[in-house]
1. Kindly evaluate Arg91 against the criterion of being in a helix (DSSP H, G or I) and either at pLDDT 95 or above or of a type outside the set (D, E, K, R) (or both).
2. Go through the range 100-126 residue by residue and tally those that are surrounded by 17 or more Cβ atoms within 10 Å (Cβ to Cβ) and away from the ligand (no atom under 16 Å from the Cβ).
3. Name the residues in the range 127-147 that are among the polar types (S, T, N, Q) and either within 16 Å of the ligand (Cβ to nearest atom) or closer than 24 Å to Ala37 by Cα (or both), would you?
4. What are the residue pairs meeting all of these: first residue in the range 91-120, first residue more than 16 Å from Leu42 (Cβ to Cβ), second residue aliphatic (A, V, I, L, M) and not in a helix (DSSP H, G or I), Cβ atoms under 9 Å, and 6 or more apart or on different chains?
5. For the range 127-147, which residues satisfy the criterion of being assigned to a helix (DSSP H, G or I) and either of a type in the set (Val, Ile, Thr) or surrounded by 11 or more Cβ atoms within 10 Å (Cβ to Cβ) (or both)?
Amino acid sequence: MKASSSAKRIASAPAATQPVARTRRTTIAAVEGKYDAIRRDLEQQRRTILNEVVEGLTSSNSQETFPDVSDQASAEAEQHFSMRIREREQRLVKKIDEALARMDQNIYGICERCEEEIPYPRLKARPVTTLCIDCKTLEEQEEKSRR
Ligand SMILES: [Zn+2]
């Protein structure tokens, strides 16, 4: 009984040391902190956007009285414009939040489509991206052909 179980252990030993090729994901996790600079950029950008939105809200509240119709019309156009800006900012803040969440989950910088690592210069230039340049190009081509 004793002899056979130890023999089994010896027999299974080489198999346990086999999967050397599957270290890629561990490598990514091990370099945690490699996106620290991007994280700081994103957090800074997020703060800037939110500050601007708050400023925009307070300044639009202060000009509530309109002396004549033309002024009111231009004020409405202005308000419409700033609302569109805010929508764009909201989307960007959402994207920033998602990028920060991916960093927390250690999946930041991995392409959503091909699951390859997105090259660092691309991330630095466009930190909220979820696609590598090849997949982004493919997606754009698909969107064009759908129209
Ligand atoms: Zn990709």
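1. Values: in a helix (DSSP H, G or I): yes; either at pLDDT 95 or above or of a type outside the set (D, E, K, R) (or both): no.
No.
2. Total meeting the criteria: 2.
3. Thr129, Thr130, Thr137, Gln141
4. Once the first residue is more than 16 Å from Leu42 (Cβ to Cβ) and sits in the range 91-120, its partners that are aliphatic (A, V, I, L, M) and not in a helix (DSSP H, G or I) give Ile110/Ile118; Cys111/Ile118; Cys111/Leu131; Glu112/Leu131; Arg113/Leu131; Cys114/Leu131; Glu116/Ile110; Glu117/Ile110.
5. So in the range 127-147, the residues assigned to a helix (DSSP H, G or I) come out as 133-146.
Passing the criteria: Ile133, Asp134, Cys135, Lys136, Thr137, Leu138, Glu139, Glu140.
The values are calculated or read from the model by the stated rules, or taken from the named source; none is laboratory data. Keep in mind that this is a model prediction, so the values were computed, not measured. Heads up, the Cβs are rebuilt from the backbone with ideal geometry, glycines too, and the neighbour counts pull from every protein chain shown.
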